[in-house]
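*Asks:* Structure in structure tokens, see below.
What follows is calculated from the coordinates using simple rules that are stated; it is not laboratory data. Please read all numbers here as calculations on a predicted model, not as lab measurements. All Cβ positions, glycine included, derive from the backbone under ideal geometry; neighbour counts span all protein chains shown.
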Amino acid sequence: MINVFEPSVGIEDSNRVSDVLESKWIGAGPHVKAFREELSVEFGVEKDRVLLTNSCSAGLMVLPYLFDLKAGDSVIMPTISFPSLANSFKRLDITIKFCDVDKRTGNVTLDCFRDLVDATTKAIIVTHYGGTPVELEEIKVFASSRNIYVIEDTACAIKSFDSQGRRVGTYSDCAIWSFDAMKTLTCGDGGMMILRDQALRDKASELLYLGLPASDKSGLDKSGSGDSMWWEYDILRPGSRDIMNDILAAIGREQLSKLDQYIERRKKIATFYCEELGSIKEVKVLSQELNDSDVSHYFFTIETAKRNELARFLKDNNVYTTFRYWPLHKTTLYKDVDSKFPNAEYMAANCLNLPIHQNLSDANISLVVQLIKSFFEE
Ligand SMILES: *Cc1c(COP(=O)(O)O)cnc(C)c1O
């Protein structure tokens, strides 16, 4: 079976994990610290601005507390968003207003949500669809003049650059990445937040770890520095416990060392698909590079009126495909029948994510292309 996504893990990752297990320190320790430092270098931000979590969803779940949102406030997000993003606000009765997306990219633009903004609007949360950069500049200018936070779900954008060459996720209030099993860089599970503001970063750190002060040292560290009662601690807010551990971080460090290689392979696959599928008139490729942006190719998405039939045909021939993300307004919890989301509806009916991951061989991707061509020739 050719998978749509697949992690590249093996002996090197398991050697790193073995080292952690043998050290008997498997919680947050030297590997989490080192991974954080390596990521801050990779993203070109200060180490203090990077926080590691045990999932992207964990980071999304603290957003309402982080930005002091309450029932009666509202947030805007595209209906094509990951479920935990909406769940995070829903369970605190914060109003969610869904907006449509741009059909060319699957991304939100200012025009998609401008009319939804009112006095209750506290944040706009954007998702970089499949790693394609949202053009944030005009959204940020619009939002800052109205005191609206701009928050980014950068789960898919591990190494994307916008049209001005800026690394996606490093220049808004808050961005959150995922290192889950299917992401380009995987830890098995894991996530990262980059926060612009130091006070906000400290608050996030407290929310993600029991509400203990961000500046606090561990009991072990305190015991070494002469404190007599190193077991004493303070609690500042009701936090959860969503930090990364050294087993996950050790895998992440191995993965990070291969990230450029992974992205390069994905770029080659995307280029091959574009060249080969371009000649099929019933197929269109969803745009990934608008202007001069540079993308991490987490998804490769095509549009076709025969989407369901094609997906079934490929599956019957051992090629698994999918569509991300089923529009939230079409689910039971978030059902929204009053609003219209024509582009999201179009994507939900016509778009298909093709296999793209760094384990795919040239023979694999040729087979995918051949199958698609033969499907449309019939
Ligand atoms: C994968 C993904 C998430 C969730 O990440 P987890 O680490 O599994 O919680 C959130 N948003 C988007 C856009 C994703 O693709």
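*Asks:* I'd like the FRET efficiency for residue 25 and residue 359, computed as 1/(1 + (r/R0)^6) with the beta carbon distance as r and R0 of 30 Å, rounded to 0.05.
*Replies:* 0.45
*Asks:* When 1/r is averaged over all different Cα pairs and the result inverted, which Kirkwood radius in Å belongs to the range 97-218?
*Replies:* 15.6
*Asks:* So what's the projected area for the chain, the Cα convex hull averaged over all directions, in nm²?
*Replies:* Across all orientations, the chain yields a mean hull projection of 19.9 nm².
*Asks:* How much FRET efficiency would the formula 1/(1 + (r/R0)^6) give for residue 14 and residue 259, where r is the Cβ-Cβ distance and R0 is 22 Å, rounded to 0.05?
*Replies:* E between residue 14 and residue 259, to the nearest 0.05, is 0.70.
*Asks:* Based on C-alpha coordinates, I'd like the Rg and Dmax of the range 61-140, in Å.
*Replies:* Expressed in Å, the Cα Rg and Dmax of the range 61-140 come to 12.2, 34.
*Asks:* Based solely on C-alpha atoms, express the radius of gyration and the Dmax of the range 34-179 in angstrom.
*Replies:* Here Rg and the maximum Cα pair distance are 14.6, 45 Å.
*Asks:* Return the equivalent ellipsoid semi-axes of the range 308-362 as a descending list in whole Å, where each equals the square root of 5 times an eigenvalue of the C-alpha gyration tensor.
*Replies:* Each semi-axis is the square root of five times an eigenvalue, giving 28, 12, 10 Å.
*Asks:* Continuing with this model, one more query. Helix 259-277 versus the longest principal axis of the chain: what angle, 0 to 90°, nearest 10, using Cα atoms?
*Replies:* In the chain, helix 259-277 runs at an angle near 20 degrees to the longest axis.
*Asks:* When the chain is fully extended, how far beyond the present Cα-Cα distance does residue 366 get from residue 37, taking 0.36 nm per residue of separation?
*Replies:* Computed gain between residue 366 and residue 37 is 114.5 nm.
*Asks:* I've got another one for you. What's the angle, to the nearest 10 degrees (0 to 90), between helix 246-257's Cα axis and the longest principal axis of the chain?
*Replies:* Approximately 50 degrees, to the nearest ten.
*Asks:* Moving on to the next point. Would you mind giving the average projected area, over all directions, of the Cα convex hull of the range 47-97 in nm² with one decimal?
*Replies:* 4.0
*Asks:* Also, I was wondering about something else. By per-residue mean of other Cβ atoms within 10 Å, what is the highest-first order of 214-221, 15-22, 162-169?
*Replies:* 162-169, 15-22, 214-221
*Asks:* Right, here's the next one. What is the spin-label model distance, in nm, from residue 315 to residue 331 if the labels are put 7 Å beyond Cα along the C-beta direction?
*Replies:* 2.0
*Asks:* Pairs 284/315; 183/217; 103/159; 267/315: which exceed 28 Å Cα-Cα?
*Replies:* Where the Cα-Cα span goes over 28 Å, the pairs concerned are 183/217.
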